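Following: one structure in structure tokens, then a few remarks.
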Amino acid sequence: MQIELIKGHGSGNDFLIIDELTNGYSFSESERANLARLLCNRQSDLGADGILFVMKSDRARARMRVFNADGSEASMCGNGLRLVARVVCEQFGLTEAIIETMKANLKVSKQEDLIHDVQTYQVEISPVLFELKALPLNLNKPTLFNERIAELSEELRFTALAVPNPHLITIVETDQLQINIQRQLSEKVNGPNALFPDGVNVSFVKPLQKGSIYVRTFERGVGFTNACGTAMSASSVVSCLSGLNENEKVIDVYNNGGRVQCVVHEFEGKYSIDLIGNATYLYKASVMINLEDATFSLISREEFSEQETYKLLESEAGQFLEKML
């Protein structure tokens, strides 16, 4: 089986994009999971955090499915949705569209470049759910906001929410970023445990200044990533609920892969987030795949030049973080 794909990234969160709209590919559920495990392996010629399948939809312009590197399916991916938004908008000559995801049909749109020549898209992140059963999180209470979980830490306070994939957020100081506690508790809640039977994304959030936060995320099914779009969105909501930032105002969210912007909206107790960031193409490739043997060979690879421009944004973000952390 020969497959054409594009590798791209949102804030350094990198994906292989397989376009089923124009290529006519069709995969079984097991094939999608096996493709993710095979092609996303960092020891291979490709490697990525996951695969984005761009598919036909009966309810929207296109449908997105996201498979993590371990073969599990994610219900949502904000960084990946920006890449899918670009694929769909460029393919149909659009500046905005509706994309079907597992839990919701979401609006996406082309935006002014974050910096010159960095392709930038805005995507809707919703629904936002605070009920612990939505994650699920097994605690004897309906919600969790800025509270301790004794099994995880005596010091840290956590907020739990689903957007719609599950997130556990804690606001920390710089010294808490520099110790190993995030890895330890993240591996605990993503292994066999009584609290999170399906695992959870764990984010440490450091306020920088009014309107700016830093987010580092251990992503369920992946591990530490340069950035997680839904985690940055969820962290922005928590920063507003905590009084650190304000609804309807732009929040600059810094991460190890660069910077995005989030705007938190609230209407009658319901929240949504605009996530605005890059959708950068790295290269396009053609691969020959043998799923029976779990092998593939790289036929061709053609580099894009967009990463050189993105490095300017990455450098700018890195210099700011050096001063603030």
Accessible surface of the chain, 1.4 Å probe, proportion on carbon and sulfur as whole %: 45
Net lengthening on full extension, residue 250/residue 193 (0.36 nm per residue, minus Cα-Cα): 16.8 nm
Contact order relative to length of the range 227-312, as percent, for alpha carbon pairs under 8 angstrom and 6 or more apart: 19
Zero-based 10 Å bins, Cα pair distances in the range 230-325, whole percents: 13, 30, 24, 19, 12, 1
Helix axis angle, 229-241 relative to the chain longest principal axis, alpha carbon, degrees: 20
Segment residue 300-residue 242, length gained on full extension (0.36 nm per residue, minus Cα span): 15.9 nm
Option label - P(r) over Cα pairs in 20 Å bins from 0, in percent computed here, alternatives (i) 34, 59, 8; (ii) 30, 56, 14, 0; (iii) 31, 51, 14, 4, 0: (i)
For the range 25-135, alpha-carbon Rg and Dmax in angstrom: 14.9, 43
The range 158-307: Cα Rg divided by the 2.2 N^0.38 Å rule of thumb: 1.22
Spacing of the two label points (7 Å from each Cα toward its C-beta) at residue 150 and residue 95, in nm: 5.7
Mean Cβ count within 10 Å, highest first, over the residues of peptides 38-44, 124-130, 165-171: 165-171, 124-130, 38-44
Hypothetical label at residue 176: residues of the range 297-325 whose amide nitrogen lies under 17 Å (7 Å Cα-Cβ projection): 325
Relative contact order %, the range 89-170, counting alpha carbon pairs below 8 Å whose residues are six or more apart: 21
Gap separating the Cα centres of the range 172-204 and the range 40-54, nearest whole Å: 24
Out-of-range pairs (alpha-carbon distance over 23 Å; input 110/284; 206/249; 188/210; 133/270; 56/107; 206/323): 188/210
Tilt relative to the chain, helix 78-92 - C-alpha long axis, 0 to 90 degrees, to 10: 40
Estimated Rh, the range 110-167: Kirkwood, alpha-carbon pairs, angstrom: 13.7
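Provide Rg over Rh for the range 216-265; use the alpha carbon set for both Rg and the Kirkwood Rh (inverse mean inverse pair distance). Working shown, then result.
On the way: Rg = 11.1 Å, Rh = 11.2 Å.
Value, to two decimals: 0.99.
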Protection proxy ranking, peptides 70-79, 96-105, average beta carbon neighbours within 10 Å, highest first: 70-79, 96-105
Normalised contact order of the range 1-122, rounded percent, pairs of Cα under 8 Å and 6 or more residues apart: 20
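The values are calculated or read from the model by the stated rules, or taken from the named source; none is laboratory data. No experiment lies behind these values; they were computed from the predicted model shown. Methodologically, a virtual Cβ is constructed for each residue, glycine included, from the backbone with ideal geometry; neighbour enumeration extends over all protein chains shown. Protein only, heavy atoms only, side chains kept; ligands, DNA and RNA dropped before computing areas. Shrake-Rupley method; radii C 1.70, N 1.55, O 1.52, S 1.80 Å.
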